1. Given (1) away from chain B (no Cβ under 14 Å); (2) without any contact (Cβ under 8 Å) to a residue 12 or more places away in the chain, identify the lone condition not met by A:Arg400.
2. Can B:Ala365 be described as among the hydrophobic types (A, V, I, L, M, F, W, C), out of contact with any strand residue (DSSP E or B) (no Cβ under 7 Å at 6 or more places or on another chain) and free of Cβ contacts under 8 Å to residues at least 12 places away in the same chain?
3. Among A:Gly415, A:Gly422, A:Gly375, which is the only one that is under 23 Å from A:Arg77 (Cβ atoms) and either surrounded by fewer than 16 Cβ atoms within 10 Å (Cβ to Cβ) or of a type outside the set (Ser, Thr, Tyr) (or both)?
4. Checking A:Thr418 against (1) part of a helix (DSSP H, G or I); (2) under 20 Å from the mean Cα position of the chain (by Cα); (3) of a type in the set (S, T, N, Q), only one condition comes out false. Which one?
5. Looking at segment B:413-426, is at least one residue more than 8 Å from chain A (Cβ to nearest Cβ) and either on the phi > 0 side of the Ramachandran plot or small (Gly, Ala, Ser) (or both)?
6. So which helices (runs of 4 or more DSSP H) stay within segment B:293-367 end to end and still have 2 or more residues that are within 14 Å of chain A (Cβ to nearest Cβ)?
7. Any chance segment B:179-186 includes a residue that's facing chain A (nearest Cβ under 7 Å), buried (at least 23 other Cβ atoms within 10 Å of the Cβ) and in a loop (DSSP other than H, G, I, E, B)?
8. In segment B:187-215, what residues are under 24 Å from B:Ser81 (Cβ atoms), polar (S, T, N, Q), facing chain A (nearest Cβ under 9 Å) and surrounded by 24 or more Cβ atoms within 10 Å (Cβ to Cβ)?
2 protein chains.
Amino acid sequence: MTSVRTSRTDAFVADLRELVPAGSILTDPDVVAAYASDQSRLTTSEPPAAVLIPHTTAHVSACLQMAARHGVPVIPRGAGSGLSGAANASADAVVLSLHRMDAFLEVDTANRLVVVQPGVVTADVRAAAAREGLFYPPDPGSVEFCTIGGNVATNAGGMCCVRYGVTGDFVLGLEVVLADGRILRTGRRTVKGVAGLDLTHLFVGSEGTLGVVTEVTLRLVPAPRPPHTMVATFDRLTDAGAAVAGIVGSGATPSMLEILDRTTVRAVDALMHMDLGADVAAVLLVQSDHADAGSELERVAAICSQAGAVDVMSTDDPAEGAMLLEARRQALPALERLGDWLLDDVCVPLTAVTTLIESIEDIAARHDLTIGVFGHAGDGNLHPTVIFDGGDDSSVRAARAAFDDITAAALALGGTVTGEHGVGRLKAGWLREELGPVGMDVQHAVKNALDPLHLLCPEGMLRTP
Amino acid sequence: MTSVRTSRTDAFVADLRELVPAGSILTDPDVVAAYASDQSRLTTSEPPAAVLIPHTTAHVSACLQMAARHGVPVIPRGAGSGLSGAANASADAVVLSLHRMDAFLEVDTANRLVVVQPGVVTADVRAAAAREGLFYPPDPGSVEFCTIGGNVATNAGGMCCVRYGVTGDFVLGLEVVLADGRILRTGRRTVKGVAGLDLTHLFVGSEGTLGVVTEVTLRLVPAPRPPHTMVATFDRLTDAGAAVAGIVGSGATPSMLEILDRTTVRAVDALMHMDLGADVAAVLLVQSDHADAGSELERVAAICSQAGAVDVMSTDDPAEGAMLLEARRQALPALERLGDWLLDDVCVPLTAVTTLIESIEDIAARHDLTIGVFGHAGDGNLHPTVIFDGGDDSSVRAARAAFDDITAAALALGGTVTGEHGVGRLKAGWLREELGPVGMDVQHAVKNALDPLHLLCPEGMLRTP
């Protein structure tokens, strides 16, 4: 079996060398090993047979056409910062890394859009927009190194989503190379448009299973005002939950509404010496970038106090606000210091946020594990982070069981198994739980229509059942 | 041929009578004739063989299962207010009218969502939201009588889109009956979620070609402030274009930015005696509902004056603002008085709005027709309205030619053949022009995957080539 696979990829690579520049095909074992997996934990992966580094859409098309001819699986990859194993490789597959296709093709200020290749780093899009007095909102945690192609593939989110939406809300159109090498253009350059089925948003979030994105047209919005920032600490989790409900119910539209739980606060305190308090059960961080941000955050502060906040602090100074935000930005680094970590990503209705955190406290106790929870309270999207010892089999088993318990709890609360990180290899099994048999059938029908040979990410979210 | 078709639908109706209540199947020729077409002009249609009026999702499922068994085409229909002929019937088809499925299933204020059946009138959703201090933004021109099901099918827009987005931006999840009768649930109740391919937005805007929507979960937003309103008149179209560009470039985010051209202004003046002025080449109507709406509209007014506006008028009084808006609301009624009308719907990049209006002036002159243009300048979505004499063949031919010229002009400017009305029968031919052969192939591949017998809207936007 291995020899068949090897000879298949060898023949593929030999044929492909005729079509793309020499440097675009990497087969050195040390090099390809670096492309075996993304940043996910507890997912399977193997070094791929080769890594392809296209410079043009024509190269991508040649790679996919040749892969289809030889029956070689292809795993498209952005910066490899994903957390669900969607970009993980297998030994019989080739990885198609889009990092060299990193050009800004167009910045159209008057029509508020940019056209970029998939390898452009997200932070660079935000910076280019800012230079024109415009704003590209999506800000995943990996914003400084993740790429737009990966963001499109996973429909990435971030802290801005509560007010501005996710990556897909800013994608106007795509160029996609299909599994057979044909080049498809979807969407348009206009803000509105309903000509035909919405293929753009079919590809957004498809995790590389339907085609390879080679160009992205992104909508920009006017630059917001510098935000005002508020931090509130609570010594009871339910009080923080009441505050979140109160803020949502007040009609406030903050540009950020984040929560840190007790475990995360302690870890951050240990790392940053921010003196948030040993008895703190939860911290809420809120920003507003409205014209009336000051009075909006005054109302929010009053709601927090009424809900039982121990301490409330506000500032209209962006630098001070950024310092307050450090508690949130350091949440994962702080938890990482406690051991190996498995970062989850579930989303529940707004009213279930603190109920889920309570369930997670029970799950942590039951499995005798430390689990820190932080995330986007304003849209119900939390990141429970399970700390474990990767060198201890029973600890790994406990971590995985806790992870599954958390995902089940989110589903039971009317939520989803993934809010922004994606399904990948990590949650392919959970996808069926959430979507049910008819849902899965339709997902696979669409997959079959676009990739009948099942060569794109065959072990990803739409793996053969 | 007719007899085969007749016996096929007769057998279908006979079998269906066993499964659904007697009153749900209408075959009286006078009654079915009323379901032959939507509000589109110059589209083909025939009275359907029968009209089915389901009361439950189970009825819809039974209808589609039975239709698949007998090979009978099915045309889903909302209020019939569509303008593209997507709901037009054929003699061998049955119309499935969802108007009786008009229940509010849930209003969840704390999680800011409603769950409704497709037959709920859009204005009723807006009213229900308002009662809870919330807001459902989409406001198509037909908002008082169109239904949510139809809005989802066409991804309907309106005047709010410039700030709030279109119907699809508020659809969290759907229940859809597939062509074979199976019941699919897509999406979720949470604000974010990336579990699997985005099937929700594949069905939004699919014009009944992929399935029948039987339940819609809609996201609501906090109620905005009462808007401030500004009206500016221009005696040169290019000045109005400069004003639009200036407003967009200023970073202002108005909640409405509408334009009326010379022909429309004259028609409105004749109807309403608003005395907008015989020399007016264009009118801009702008609203803002921000906390700083007053200062935002002051800036907008200054931009208009600088661009050469003849007259600028502002008010912070909502009632006065509504009166100023009447010029826009009466645009179509005013143009309707001039003769038969063919209402177009194209969308171009923001910078091309007045270029398109100039092109349309040329097209009107060339075909010796009156064409009024009004629409959503803030998102490039215009509604050129061709006035013609339906009793005069040469006038009908000229109207159709002018309509095609307008659509071609929009495409040439980097636009789309439809911004919010949809493709339907009216523009099925233009869809291929816009999407190209690969785009059409993929559209049909998805259609085939979900409706392999081609029974849903077989003469609609994805009609067999």
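The values are calculated or read from the model by the stated rules, or taken from the named source; none is laboratory data. Quantities reported herein were computed from a predicted structural model and do not represent experimental measurements. Reconstructed Cβ throughout: ideal geometry from the backbone, glycine too, with neighbour counts over all protein chains shown.
1. (2)
2. Values: among the hydrophobic types (A, V, I, L, M, F, W, C): yes; out of contact with any strand residue (DSSP E or B) (no Cβ under 7 Å at 6 or more places or on another chain): yes; free of Cβ contacts under 8 Å to residues at least 12 places away in the same chain: yes.
So B:Ala365 fits the description; yes.
3. Numbers: A:Gly415 fails: under 23 Å from A:Arg77 (Cβ atoms); A:Gly375 fails: under 23 Å from A:Arg77 (Cβ atoms).
Exactly one residue qualifies, and that residue is A:Gly422.
4. All conditions pass for A:Thr418, except number (1).
5. Taking every residue of segment B:413-426 in turn, at least one turns out to be more than 8 Å from chain A (Cβ to nearest Cβ) and either on the phi > 0 side of the Ramachandran plot or small (Gly, Ala, Ser) (or both).
6. Once the helices (runs of 4 or more DSSP H) in segment B:293-367 are filtered for at least 2 residues that are within 14 Å of chain A (Cβ to nearest Cβ), what remains is B:293-306, B:353-367.
7. Scanning segment B:179-186 turns up no residue that is facing chain A (nearest Cβ under 7 Å), buried (at least 23 other Cβ atoms within 10 Å of the Cβ) and in a loop (DSSP other than H, G, I, E, B).
8. Kept after step one, since they are under 24 Å from B:Ser81 (Cβ atoms), are these residues of segment B:187-215: B:200-215.
So of that shortlist, the ones also polar (S, T, N, Q) come out as B:200, B:206, B:209, B:214.
If we keep only those that are facing chain A (nearest Cβ under 9 Å) as well, we get B:200, B:206, B:209.
The answer is B:Ser206, B:Thr209.
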